[in-house]
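First up is the structure itself, then whatever we jot down about it.
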Amino acid sequence: MIIQYGGASHRGKVRKSNEDYFYIPINGDIENVAMIADGMGGHNAGEIASRMAVETVMEYLAQHMKQGGYSASPGDLVRESFMKSNNKIFKCAESDEALQGMGTTLVLSYFEGDTVHIGHIGDSRGYLVRNGTVIQVTKDHSLVQELLDNGTITLEEVENHPQRNIITRALGTDLTTDIDYYRLSIEDGDIIILCTDGLVIHVDLQQNIDLIQSGITMQELSNALVSLAVEQGGLDNITVVAIKCSAAVKEG
């Protein structure tokens, strides 16, 4: 597979700072990995947590993926990298009173041949776009998701629920945590979208399927989705990573 990446972030119209942080491969960096983190905490703790999460995961992956020199399965590798990040954020918060309570969401995609491995914690999301349909791969770790699952609220009530921003699982808030992992087979033309909830609250991806599959570059798509969320309210930080998978053309 040939993988094309794009990424964009904006602090929105309300927040004073941008606590989101994302990674896509740039010259010389680890290829086939992308991720987004949405930090939380007082002062600048959210910014510290999100950046620490992404950088720690990258360091771990770089160490264990170098020249293919790792024995763990991709799923174990993803989980271990998340746990390494969780421990680092938690200990950092414990050692500095100003950082106590900080944490972050994290959603990661790791491509391996015709497979994408997705790691997830929090309410940032991963989507698969295939043949005109947008499929939500990840499931939010949030209070409203739990209320929806147990039938307390309806799907229509989720968007405007007063406790919509409460997440139930994040990196760095506890010494141990659970990580969700997904493994998907990918096909020619598939698009993977990673995003923070700042996009989700304003933009329905299915309603924008023509834009997503219009043939623009993934950087242009990321920019367009972020701009759309800002135009439609920009109530939170907004970050999008868009990834297109194309079958390699065989020579001869």
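The values are calculated or read from the model by the stated rules, or taken from the named source; none is laboratory data. The structure presented is a predicted model; accordingly, all values stated were derived computationally and were not measured. We place every Cβ from the backbone using ideal geometry, glycine too, and count neighbours over all the protein chains shown.
The table below gives the values:
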{"read-out": "Only one of Val107, Val78 that is buried (at least 19 other Cβ atoms within 10 Å of the Cβ), touching a residue at least 40 places away in the same chain (Cβ under 8 Å) and in contact with a Phe, Trp or Tyr (Cβ under 9 Å, 6 or more places away or on another chain)", "value": "Val78"}
{"read-out": "Residue list for the range 215-252, restricted to those being part of a loop (DSSP other than H, G, I, E, B) and either touching a Pro at 6+ places or on another chain (Cβ under 9 Å) or under 18 Å from Gly132 (Cβ atoms) (or both)", "value": "Gly215, Ile216"}
{"read-out": "So Ser222, is it modelled with pLDDT of 95 or more and exposed (fewer than 15 other Cβ atoms within 10 Å of the Cβ)", "value": "no"}
{"read-out": "Residues satisfying the stated conditions in the range 15-46, i.e. more than 13 Å from Thr196 (Cβ to Cβ) and in a helix (DSSP H, G or I)", "value": "Ala45"}
{"read-out": "Unmet requirement for Asp188, which otherwise passes all of (1) farther than 26 Å from Phe82 by Cα; (2) within 19 Å of the chain's Cα centre (by Cα)", "value": "(2)"}
{"read-out": "Any chance Gly215 is out of contact with any helix residue (DSSP H, G or I) (no Cβ under 9 Å at 6 or more places or on another chain) and at positive phi", "value": "yes"}
{"read-out": "Odd one out for Thr173, checked against (1) of a type outside the set (Asp, Glu); (2) more than 27 Å from Leu211 (Cα to Cα); (3) in contact (Cβ under 8 Å) with a residue 60 or more places away in the chain; (4) in contact with a helix residue (DSSP H, G or I) (Cβ under 6 Å, 6 or more places away or on another chain)", "value": "(4)"}
{"read-out": "Boolean, Thr168 is of a type outside the set (Phe, Trp, Tyr), surrounded by fewer than 16 Cβ atoms within 10 Å (Cβ to Cβ) and touching a His at 6+ places or on another chain (Cβ under 7 Å)", "value": "yes"}
{"read-out": "Residue check for Lys88: out of contact with any strand residue (DSSP E or B) (no Cβ under 6 Å at 6 or more places or on another chain), part of a helix (DSSP H, G or I) and within 30 Å of Ile3 (Cβ to Cβ)", "value": "yes"}
{"read-out": "Test: residue in the range 56-64 that is in a helix (DSSP H, G or I) and either touching a Pro at 6+ places or on another chain (Cβ under 6 Å) or modelled with pLDDT of 95 or more (or both)", "value": "yes"}
{"read-out": "Given (1) surrounded by fewer than 22 Cβ atoms within 10 Å (Cβ to Cβ); (2) modelled with pLDDT under 95; (3) out of contact with any helix residue (DSSP H, G or I) (no Cβ under 6 Å at 6 or more places or on another chain), number of the condition Tyr182 does not satisfy", "value": "(2)"}
{"read-out": "Leading residue by the ranking (surrounded by the most Cβ atoms within 10 Å (Cβ to Cβ)) among those in the range 114-156 that are small (Gly, Ala, Ser) and over 21 Å from Met40 (Cβ atoms)", "value": "Gly132"}
{"read-out": "Selection status of Gly12, modelled with pLDDT under 95, in a loop (DSSP other than H, G, I, E, B) and either small (Gly, Ala, Ser) or crowded, with 21+ Cβ neighbours inside 10 Å (or both)", "value": "yes"}
{"read-out": "Single match in Gly126, Gly101 (criterion: closer than 19 Å to Met218 by Cβ and either in contact with a helix residue (DSSP H, G or I) (Cβ under 9 Å, 6 or more places away or on another chain) or not aliphatic (A, V, I, L, M) (or both))", "value": "Gly126"}
{"read-out": "Residue that is out of contact with any helix residue (DSSP H, G or I) (no Cβ under 7 Å at 6 or more places or on another chain) and without any contact (Cβ under 8 Å) to a residue 60 or more places away in the chain, where the choices are Ile26, Ile2", "value": "Ile26"}
